[in-house]
Amino acid sequence: MSEFGNNEHKIYQGDAIKVLQNKIKNNSIDLIFVDPPYNIGKDFNGRKDKWKTDEDYLNWCYTWIDLLLKKLKKTGSLYIMTSTQFIPNFDIYLRNKIEILSRIVWSYDSSGVQAKKYYGSMYEPILFCVKDKNNYTFNSDEILVEAKTGSKRKLIDYRKNPPQPYNTKKVPGNVWDYPRVRYRMAEYENHPTQKPTKLLERIIKASSKKGDTILDPFSGTFTTSYVAKKLNRKSIGIEIDEDYSKIGVRRVLEQFKLNGEDLRPEPKTYQIKKIKQQTIFEAKI
Ligand SMILES: C[S@@+](CC[C@H](N)C(=O)[O-])C[C@H]1O[C@@H](n2cnc3c(N)ncnc32)[C@H](O)[C@@H]1O
């Protein structure tokens, strides 16, 4: 296991269960976002995302879920994801241990591979849970969205005296539309299941305060820690893969060299084309 960072932003490169057991204090975390391997066969830099049996996968998940619940403060919130196949198991497991307040659907434009003989997956589920439904952070004002009334003119609330236009802002519902991270997007990193910063922004703004500590035990490209830092929260990120952890060192700690290695990402193919064109142009003049 390796550690990087400081008291504000910590990166652990190692196994989530071991780091949770040995490095994270009980009742110390305000917000947890968990986006684990989904057991659907993705390739995480050579590490398989497929367990021998569904039962093996779920037992592994239940081990870290129990640990996460210990780490969460009494006033804390947990957002947890997995594949559509396994979210029912998570839901049933969690509902006896914590309050599930929302079952969120993160809906996106198109699936990578188009299914031909069944309906392709166009969403990922997220459970929003709190330890104490009478005492938790929810900054509704920070995440308001424009209400789509379908009306061209402003609707007037005649129950008010004098009548006033309806408030056009509302707390978002439980279907969230955000595009997936694509190669050409500025935030893209080399990882198969990177989550969009917009998704984490909503979660962190709603469910934490400035200075709070946010934990992500399967950090991937460290989107959670990156957004937490931008929003003046503290972060703890865990990731088993060395290359992905280096993305975190660059993205979160803003460190561009590690033991002599350059951590800056490779230029993208279309950027290389542009650089080549520029060089040819400059050579001509
Ligand atoms: C679904 S991805 C997370 C993506 C992340 N939310 C992002 O925005 O980039 C799951 C990550 O868990 C990591 N992982 C798999 N097994 C792990 C383990 N035992 N401990 C810590 N990380 C692990 C994988 O390498 C992968 O990067």
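Please treat every number below as a calculation from the coordinates, not as lab data. Small disclaimer: the values here were computed from a predicted structure and weren't measured. Every residue, glycine among them, receives a Cβ derived from its backbone with ideal geometry; neighbour counts consider all protein chains shown.
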Between Leu101 and residues 5 or more places away or on another chain, which pairs have amide H atoms under 5 Å apart, with H built 1.01 Å from N, and which residues are they?
-> Phe128, Cys129, Val130
Given charges at Cβ of Lys, Arg, Asp, Glu: the chain dipole, positive-most of Thr168, Ser28, Ser207 | Thr168
Among the lysines, which fall within straight-line cross-link reach of Lys170, defined as a Cα-Cα distance under 19 Å, with same-chain neighbours fewer than 8 residues apart omitted?
-> Lys148, Lys152, Lys154, Lys160, Lys198, Lys205
What's the extension gain from Lys230 to Ile40 if we count 0.36 nm per residue and subtract their Cα-Cα distance?
-> 65.2 nm
Dividing the Cα convex hull volume of segment 1-113 by residue count, how many Å³ per residue is that?
-> 149 Å³
Using 0.36 nm per residue of separation minus the Cα-Cα distance, give me the extension gain between Tyr62 and Lys148 in nm, one decimal.
-> 27.0 nm
Residues with amide H under 5 Å of Leu215's amide H, sequence separation 5 or more or different chain, H placed in the peptide plane at 1.01 Å from N; which?
-> Leu31, Ile32, Phe33, Ile236
Which percentage, to the nearest 5, of the DSSP beta bridges contained in segment 1-125 is antiparallel?
-> 65 percent
Among the aspartates and glutamates, which fall within straight-line cross-link reach of Lys48, defined as a Cα-Cα distance under 18 Å, with same-chain neighbours fewer than 8 residues apart omitted?
-> Asp15, Asp35, Asp56, Glu239, Asp241, Glu242, Asp243
Listed by chain and number, the aspartates and glutamates with an alpha carbon less than 20 angstrom from that of Lys169, same-chain partners under 8 positions apart left out, are Asp141, Glu142, Glu146, Asp157, Asp177, Glu201
How big is the antiparallel share of DSSP beta bridges in the chain, given as a percent to the nearest 5?
-> 55 percent
For segment 206-285, the spread of Cα positions along each principal axis, largest first, Å | 56, 28, 18
Which of Lys71/Lys210; Lys18/Lys131; Lys71/Lys234; Lys50/Lys257; Lys52/Lys97; Lys70/Lys234 have a Cα-Cα distance over 25 Å?
-> Lys50/Lys257; Lys52/Lys97
Kirkwood Rh in Å, taken over the chain so that all alpha-carbon pairs contribute | 20.9 Å
Euclidean distance of C-alpha centroids, segment 1-34 and segment 87-137, integer Å = 24 Å
Note on the chain: contact order normalised by length, alpha-carbon pairs under 8 Å, 6 or more apart, percent, works out to 22 percent
Where the centre of each part is set by its Cα atoms, how far does segment 42-86 sit from segment 151-195, in angstrom?
-> 29 Å
List the residues of segment 122-154 whose backbone N lies under 12 Å from a point placed 7 Å from the Cα of Lys169 along the Cα-to-Cβ direction.
-> 140-147
Counting Lys and Arg as +1 and Asp and Glu as -1, each charge on the Cβ, what is the dipole of segment 1-142 about the Cα centre in debye, to the nearest 20?
-> 380 debye
